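Quick note: the coordinates plus some simple rules give every number you see, no bench work behind them. The structure presented is a predicted model; accordingly, all values stated were derived computationally and were not measured. Here the Cβ positions follow ideal geometry from the backbone for every residue, glycine too, while neighbour counts run over all protein chains shown.
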Protein chains: 2
Amino acid sequence: MHRTKVRVVEDVLDANDTIARANREDFARAGVTVVNLMSAPGAGKTMLLERALDGLADAGVRAGVLEGDVQGSFDADRLSLLHVPVTQLNTGAGFGGECHLDANMVRSALPSLPLAELDLLVIENVGNLVCPAEFRVGEDARIMVCSVTEGEDKPLKYPLMFRACELVIINKVDLLPHLDFDVERLQANLDQVNPGVDRMLVSARTGESVGAFRAWLAALPGRATVAA
Amino acid sequence: MHRTKVRVVEDVLDANDTIARANREDFARAGVTVVNLMSAPGAGKTMLLERALDGLADAGVRAGVLEGDVQGSFDADRLSLLHVPVTQLNTGAGFGGECHLDANMVRSALPSLPLAELDLLVIENVGNLVCPAEFRVGEDARIMVCSVTEGEDKPLKYPLMFRACELVIINKVDLLPHLDFDVERLQANLDQVNPGVDRMLVSARTGESVGAFRAWLAALPGRATVAA
């Protein structure tokens with residue numbers, strides 16, 4: 001039974017990877033670099049995007065967002081205030097809504113994306129530290145946001161997520177004076193599962209180091225780099 | 001295709017409910033009341049248990065914990081310092097580990113649980129606001145913990161989770177002075193998806209209102225109630 005189950009799971013992931021490759025080819029053909037942005041619920045992905053995307057146009061990078069949610073369009077509504085193209089993708093009914101985006105969901109959104117007007121597409125995944133790490137969607141880079149309010153142990157408890165990404169944003173550092181949180185311990189745990197991975201200590205709320213994140217994003221399409 | 005998928009999902013959930021009912025009968029036969037404790041990663045479930053379970057024995061309630069994690073035993077190790085029985089349940093390999101507990105996983109742990117020595121079993125679920133709400137495991141009550149650092153919008157974005165539970169713990173209220181967080185707005189959003197649900201504003205870190213939570217737990221098995 002267990003063997004059968006694993007086989008089914010492998011088939012699902014193989015099929016997903018095939019569709020993800022097709023997505024990536026379509027994005028590349030359109031000249032759009034794609035980022036898959038992941039985190040636990042409430043880690044601050046949306047506010048981080050609100051702050052980081054705001055300056056990207058001045059740097060010559062035309063950014064858009066594909067907003068993944070179980071339901072509703074709360075984050076898309078917030079981001080649309082930035083005057084960047086935002087497309088909502090809901091994981092929908094059945095199963096109470098899927099807990100992650102997969103390549104096929106993103107594929108279904110392709111016709112709604114204004115790819116010709118974009119250099120960079122940020123796909124904001126469903127808030128979840130488990131399944132989003134399993135499903136490639138056609139992205140060039142994966143970024144995960146963790147918050148200092150979540151505890152230092154998260155890389156060890158959700159290693160696949162922290163291992164899957166090219167950049168780890170450690171958000172809400174403005175709260176550090178009010179927490180029993182050891183940044184060194186988090187970084188040591190992070191190095192245990194993804195040695196030397198790029199990381200940034202950021203506060204989306206105060207703006208601290210948001211410029212560095214903006215520069216990281218701006219450099220991705222091989223275009224202008226915003227000063228950090 | 002979509003219809004077929006929904007049918008498969010319904011079958012999975014039907015099978016889960018059947019096993020959950022069998023679990024619940026076994027727990028009832030053993031005289032054990034069971035709580036399913038859910039939250040996003042890092043909302044503070046484990047620290048809350050550390051604080052709340054500590055006084056339960058004095059109130060005549062013998063508590064134990066079934067600790068669900070994708071991998072590792074970090075929380076179980078913390079809780080075992082309380083000298084309550086703690087059993088680790090890992091959602092294991094394949095799929096990078098399941099993102100939730102289901103009834104069958106809990107059933108597989110039954111032989112390892114010292115049910116004869118317990119009045120109350122707290123099942124700490126995998127940190128996730130989506131799938132754990134879909135899968136009953138044989139519990140009498142469901143509690144979800146949200147943190148004030150996660151934002152007021154979470155009930156609207158993850159309504160099934162907030163609707164599925166009998167008690168909502170709003171944790172980390174000691175951080176309120178340092179956040180742009182509107183407790184009234186959270187409560188209004190909560191009432192929109194689960195009108196009038198029991199709720200408690202708690203700080204596991206400072207101990208604020210942990211006594212009220214302990215009393216809520218202690219009252220569940222119909223035994224002694226700890227003063228709040």
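Taking strands (runs of 3 or more DSSP E) that do not extend beyond region B:20-98, which have at least 2 residues that are acidic (Asp, Glu)?
Correct list: B:63-69.
Name the residue that is farthest from A:Glu25 (Cα to Cα), counting only residues in region A:122-148 that are in a strand (DSSP E or B) and out of contact with any helix residue (DSSP H, G or I) (no Cβ under 7 Å at 6 or more places or on another chain). Steps first, please.
Taking region A:122-148 first, the residues in a strand (DSSP E or B) are A:122-124, A:141-147.
Filter again for out of contact with any helix residue (DSSP H, G or I) (no Cβ under 7 Å at 6 or more places or on another chain), leaving A:141-143.
On the way: A:Ala141: 14, A:Arg142: 17, A:Ile143: 20 Å.
So, considering only residues that are in a strand (DSSP E or B) and out of contact with any helix residue (DSSP H, G or I) (no Cβ under 7 Å at 6 or more places or on another chain), the one farthest from A:Glu25 (Cα to Cα) is A:Ile143.
Would you check which residues across region B:75-111 are within 10 Å of chain A (Cβ to nearest Cβ) and surrounded by 17 or more Cβ atoms within 10 Å (Cβ to Cβ) and list them? Show your work before the answer.
Going through region B:75-111, the residues within 10 Å of chain A (Cβ to nearest Cβ) turn out to be B:75, B:78, B:91-100.
The answer is B:Asp75, B:Thr91, B:Phe95, B:Gly96, B:Gly97, B:Glu98, B:Cys99, B:His100.
For region A:176-201, enumerate the residues that are within 14 Å of chain B (Cβ to nearest Cβ), closer than 14 Å to A:Glu150 by Cα and free of Cβ contacts under 8 Å to residues at least 24 places away in the same chain.
Within region A:176-201, A:His178, A:Asp180 qualify.
For the condition of a type in the set (A, V, I, L, M, F, W, C) and without any contact (Cβ under 8 Å) to a residue 24 or more places away in the chain, what is the one hit in A:Val173, A:Val86, A:Val106, A:Val126?
A:Val86 is the lone residue from the list that is of a type in the set (A, V, I, L, M, F, W, C) and without any contact (Cβ under 8 Å) to a residue 24 or more places away in the chain.
I'd like to check something: does region B:113-124 contain any residue that is surrounded by 19 or more Cβ atoms within 10 Å (Cβ to Cβ) and within 14 Å of chain A (Cβ to nearest Cβ)?
There is at least one residue in region B:113-124 that is surrounded by 19 or more Cβ atoms within 10 Å (Cβ to Cβ) and within 14 Å of chain A (Cβ to nearest Cβ).
Going residue by residue through region B:174-188, is there one that turns out to be over 11 Å from the mean Cα position of the chain (by Cα), within 27 Å of A:Thr206 (Cα to Cα) and among the aromatic types (Phe, Trp, Tyr)?
Checked region B:174-188: at least one residue is over 11 Å from the mean Cα position of the chain (by Cα), within 27 Å of A:Thr206 (Cα to Cα) and among the aromatic types (Phe, Trp, Tyr).
Which one of these does B:Leu156 not meet: (1) facing another protein chain (nearest Cβ under 9 Å); (2) surrounded by 24 or more Cβ atoms within 10 Å (Cβ to Cβ)?
(2)
If I ask for residues that are more than 17 Å from B:Gly97 (Cβ to Cβ) and touching a His at 6+ places or on another chain (Cβ under 8 Å), which ones from region A:127-150 would you list? Spell out how you get there, then give the answer.
At the first step, the residues of region A:127-150 found to be more than 17 Å from B:Gly97 (Cβ to Cβ) are A:127, A:136-143, A:145-150.
Hits for region A:127-150: nothing passes.
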